[in-house]
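Structure first, commentary second.
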Amino acid sequence: MDFERVEKKWQEIWEKEEVFKSKDFDKKPKFMGLVEFPYPSGVGLHIGHIKAYSSLEVVSRMKRLQGYNVMFPIGWDAFGLPTENFAIKNNIAPRIATDNNIKNMKAQLKRVGYSFDWAREIDTTDEKFYHWTQWIFCQLYKKGLAYKSKALVNYCPVCDVILSNEESQGGECDRCHSQVVQKEKEVWFLKIRDYAERLLSGLDKLDFPARVKEEQRHWIGKSTGAEVNFKVKIGSQEDTLRIYTTRADTLFGVTFMVIAPEHPILEKYADKIKNINEVKDYQAKAKQKSEFDRVQVNKDKTGVKLDGIVAINPLNNKEVPIFIADYVMMGYGTGAIMAVPAHDTRDYDFAKKFNLPIIPVIEGGDISKEAFTDINEGKMINSEFLNGLGVKDAIAKMIEHLAKENIGEAKTNYQMKDWAFNRQRYWGEPFPIVYCEKCGTVLVPEDQLPVKLPEVKDFKPSKNGESPLAQVPEWVNCTCPKCGGKAKRETDTMPQWAGSSWYYLRYMDPNNDKELASQDKLKYWGPIDWYNGGMEHVTRHLIYSRFWNMFLYDIGVVPFEEPYSKRTTQGLVLGEDGNKMSKSLGNVVDPMEIINNFGADVLRLYILFMAEYESAAPWSSANINGCKRFLDRVERMVDFIDDHKGVHAEHITELNSIIEKVSNDIAALKFNTGISALMTFVNTIYQDKFISREEMTDFLKLLYPFAPHIAEELNEQIGNKEYISKSNWPTVRVDNSVKYINLPVQFNGKMRDVLKVEENTPQDKVLELIKNHEKLSGYITGEIKKVIFVPNKIVNIIV
RNA sequence: GCCGAAGUGGCGGAAUGGUAGACGCACAAGACUCAAAAUCUUGCGUAGGCAACUACAUGAGGGUUCGAGUCCCUCCUUCGGUACCA
């Protein structure tokens, strides 16, 4: 088949007939399928896009024929660093580069034949879109969920710029390869931690794969424990040191304390700490270590003992020394811990290195060898009122005791940190924030949104790690919306995650200039019925967008709390050599080249046939031939068409079974077995060498979601007037023929033969057949002790 | 270390506790052809046998069951995620 002509022909017909248009408020049941919108890169479509989008493409095509009002939208996640870097390198404005890339990728997506509703196309860099991104930020700010705070950022002292984590991997600057250092800077944060509990508990009712839920749970990282106040003595002075622990039961086993190098108590008593120089030295070293270094595993424990300051165990008033060590993080808990070397591996390593006492408070284990950390075994010892209890009971009793004595209480912590929400970059959403000399930080009023991103000549990051926007005085300098006085704009921009945190809402009402989307339309379309995307977005994008949606729900803007009812993920497409595709390995497959050589239908079919959808699988240029051959065979199947009306009796069972199998498999993401069922049917027709027009039509409809162009073309060729894209999904027919099934026969659990019997043949009839069976009767070598008979499944005879 | 997923022919991969290897690739033989390609047909886990058939076989070892790739226990390997989280 001349696939180039045929594919173009049908793409034009579909567009003209608007068969993929989703209609607001249609009476049909709605189905909204969402795929992660692409970043418009200069490279164009990657094979991964094809796999990611083909799933819901197939589902959407089927659902339309099944009578659903389907929305399958697409857009562009277009802000971001690569475009900015491209602009710097080639001296092209990011706006122009983005528009070019979108144009190119859009043409590519159309060539694959995806049934996107292009009328709803969105672009996060369009001011009509980022208007509402800024508006959402305003609401977050008003509710106190956006705040500015000091934080450490990656900074390259040679380039004099702030780098993202991606640009500073391995603690090295991406551009000049010099050592990146941590620099303190005022940055914006969103209080996602306030939503930690809801983000966690909300998972229970969502239809997400278990591994996705697990990763999100882990990312949120809930831990329950207690905060406890230890007294500290600094000479004659007294103060309090608050620690967090999940093991309140071990309080009697505390032999020292550890605080983070950044802990404020160090500065507070700097003049009282005798070895303050040594401490400062350690602090400086810790600060130099990048995030990368500090996170390395199993490092040797290091630390410095504070001289002139001790802590007092509130339970037994014993004095214990305090250390600073970088294995305790300021960002988690209280930045201070009680160390119980007998029952914590890190404390144990530290105690061994610094020769500190180790007091067991739970029996079991051998603390001369290692810390005993099992919480399910052993009874409390050396612990006064806890003695004899199990660990879990001891924790509860201790927390009760702490509360009563007013020295501590139960506390829940989350590992998830607040979301650092800005970049020192040009190509992002400007913040709707100005700094007024008189009024301080002022929000830009909503009627003045959007704050448009100005055109600039130079996109290079400016000195001192400022955003390039700082170099545009006519934009930076403005009047304060409150007092009319002199003010300056925030020159940082939002991170790439901003637009993608709510884009799906905009599809539901893409041209609204009064609000981000109307309530009625959100109510009709939302929530998303099925969202497919990559595993790499499970912890960030997926959590960030759930957070924004919950927030918008809380302020009454969105009528549903969770944005995505169901989530699936596609497995990676590996290179032919089994490695991840990468330019350097030279194993990258270009989807456009495949389309040129084989056609879009073959590409679509193969990407779904190659493996189970959710697992990674290598590309094979040999195997794709099989899919091409299959479509060629389908085309030649037309020659077998006879004048028979209806469905041949010989085919009714087979046809019914593929209708059922393909429908179920598509809905269950099992495309590979659905396609193989279609192949089996074709093989049957080649055996029989006849097929009726009606059977062929049904078959082509089943093929249509996978290979729509050839299906439409053949459907037209065999004389059907109605386009498949405007027809109905086939349904199973009444089958009155006597069905025969193959009944496996086992003796003593061993397979011996298969008996062809009528469906629902009873046990005694089957046994009779076996006794009269030439071969099978030979296995009845003695008395029949027992017969296991599962109707239509199996018979097993114990002799 | 912790969490998750997975180990099945030469390869990609199928199998609600019930015929292991569907479907496809590769390979081989035959048909068509002057020939090749394409196409069509057949074969294709391993061992033995002309064959019917028999034995063995789903990472390793145990167990539950009439029956285990599938469930349970122990272990090995690979991949993904995550990490001095107190």
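If residue A:608 meets every condition in (1) closer than 23 Å to residue A:132 by Cβ; (2) within 12 Å of RNA strand B (Cβ to nearest atom) apart from one, which number is that one?
With respect to (1) closer than 23 Å to residue A:132 by Cβ; (2) within 12 Å of RNA strand B (Cβ to nearest atom), residue A:608 is out only on (1).
I need a count of the residues in segment A:225-256 that are surrounded by fewer than 16 Cβ atoms within 10 Å (Cβ to Cβ) and near RNA strand B (Cβ under 9 Å from one of its atoms).
Within segment A:225-256, residues that are surrounded by fewer than 16 Cβ atoms within 10 Å (Cβ to Cβ) and near RNA strand B (Cβ under 9 Å from one of its atoms) number 0.
Say we look at segment A:582-629 and pick out the residues that are under 28 Å from the mean Cα position of the chain (by Cα) and of a type in the set (D, E, K, R); which of these is surrounded by the most Cβ atoms within 10 Å (Cβ to Cβ)?
Residue satisfying both the conditions and the ranking: A:604.
Pick from segment A:191-222 the residues that are within 13 Å of RNA strand B (Cβ to nearest atom) and among the β-branched types (Val, Ile, Thr): which of them is farthest from residue A:142 (Cα to Cα)?
A:212
Run down A:685, A:652, A:659 and say which single residue is free of Cβ contacts under 8 Å to residues at least 60 places away in the same chain, part of a helix (DSSP H, G or I) and over 26 Å from residue A:52 (Cβ atoms).
A:685
Quick one: is residue A:341 within 42 Å of the chain's Cα centre (by Cα) and not aliphatic (A, V, I, L, M)?
So residue A:341 passes the test.
Restricting to segment A:319-350, count the residues that are in contact with a Ser or Thr (Cβ under 7 Å, 6 or more places away or on another chain) and of a type in the set (Gly, Ala, Ser).
Counting residues in segment A:319-350 that are in contact with a Ser or Thr (Cβ under 7 Å, 6 or more places away or on another chain) and of a type in the set (Gly, Ala, Ser) gives 2.
Can you find a residue that is buried (at least 21 other Cβ atoms within 10 Å of the Cβ), of a type in the set (A, V, I, L, M) and in a loop (DSSP other than H, G, I, E, B) anywhere in segment A:8-31?
no
Give A:642, A:590 a once-over and let me know the one that is more than 8 Å from RNA strand B (Cβ to nearest atom) and in contact with a Phe, Trp or Tyr (Cβ under 7 Å, 6 or more places away or on another chain).
The unique qualifying residue is A:642.
Taking residue A:478, is it in contact with a strand residue (DSSP E or B) (Cβ under 8 Å, 6 or more places away or on another chain), surrounded by fewer than 19 Cβ atoms within 10 Å (Cβ to Cβ) and not in a loop (DSSP other than H, G, I, E, B)?
yes
Closer than 30 Å to residue A:220 by Cα and at pLDDT 90 or above: which single residue out of A:598, A:547 fits that description?
The conditions single out A:547.
Of everything in segment A:1-40 that's at pLDDT 95 or above and touching a Ser or Thr at 6+ places or on another chain (Cβ under 7 Å), which residue is nearest to residue A:58 (Cα to Cα)?
If we take residues in segment A:1-40 being at pLDDT 95 or above and touching a Ser or Thr at 6+ places or on another chain (Cβ under 7 Å), then A:33 is nearest to residue A:58 (Cα to Cα).
Hey, among the residues in segment A:270-280 that are in contact with a strand residue (DSSP E or B) (Cβ under 8 Å, 6 or more places away or on another chain) and under 15 Å from residue A:323 (Cβ atoms), which one's surrounded by the fewest Cβ atoms within 10 Å (Cβ to Cβ)?
So the residue we want is A:274.
From the list A:676, A:692, A:657, exactly one residue is buried (at least 19 other Cβ atoms within 10 Å of the Cβ) and among the polar types (S, T, N, Q). Which is it?
Every option except A:692 fails the conditions.
Can you tell me which residue within segment A:662-677, out of those that are touching a residue at least 24 places away in the same chain (Cβ under 8 Å) and within 8 Å of RNA strand B (Cβ to nearest atom), is nearest to residue A:569 (Cα to Cα)?
Residue satisfying both the conditions and the ranking: A:670.
Which strands (runs of 3 or more DSSP E) sit wholly inside segment A:311-429 and have at least 1 residues that are within 15 Å of RNA strand B (Cβ to nearest atom), out of contact with any helix residue (DSSP H, G or I) (no Cβ under 6 Å at 6 or more places or on another chain) and farther than 30 Å from residue A:237 by Cα?
Ranges flagged: A:408-414.
Counting just the residues of segment A:424-465 that are among the small types (Gly, Ala, Ser) and surrounded by 13 or more Cβ atoms within 10 Å (Cβ to Cβ), which one comes out modelled with the lowest pLDDT?
If we take residues in segment A:424-465 being among the small types (Gly, Ala, Ser) and surrounded by 13 or more Cβ atoms within 10 Å (Cβ to Cβ), then A:462 is modelled with the lowest pLDDT.
Looking at segment A:365-390, I want the residues that are touching a residue at least 24 places away in the same chain (Cβ under 8 Å) and have a partner that is part of a loop (DSSP other than H, G, I, E, B) and surrounded by fewer than 16 Cβ atoms within 10 Å (Cβ to Cβ) with Cβ atoms under 9 Å, at least 6 apart or on another chain. Which pairs are those?
That search, which allows pairs on different chains as well, returns A:372/A:363; A:372/A:364; A:372/A:366; A:380/A:363; A:380/A:387; A:380/A:388; A:384/A:316.
Could you please give the count of residues in segment A:732-758 that are more than 9 Å from RNA strand B (Cβ to nearest atom) and either in contact with a Leu (Cβ under 7 Å, 6 or more places away or on another chain) or without any contact (Cβ under 8 Å) to a residue 12 or more places away in the chain (or both)?
Here the count works out to 4.
Going by what's in this entry, would residue A:638 be described as more than 30 Å from residue A:580 (Cβ to Cβ) and surrounded by 18 or more Cβ atoms within 10 Å (Cβ to Cβ)?
no
The values are calculated or read from the model by the stated rules, or taken from the named source; none is laboratory data. Quantities reported herein were computed from a predicted structural model and do not represent experimental measurements. Cβ sites come from the backbone with ideal geometry, for glycine too, and all protein chains shown count toward neighbours.
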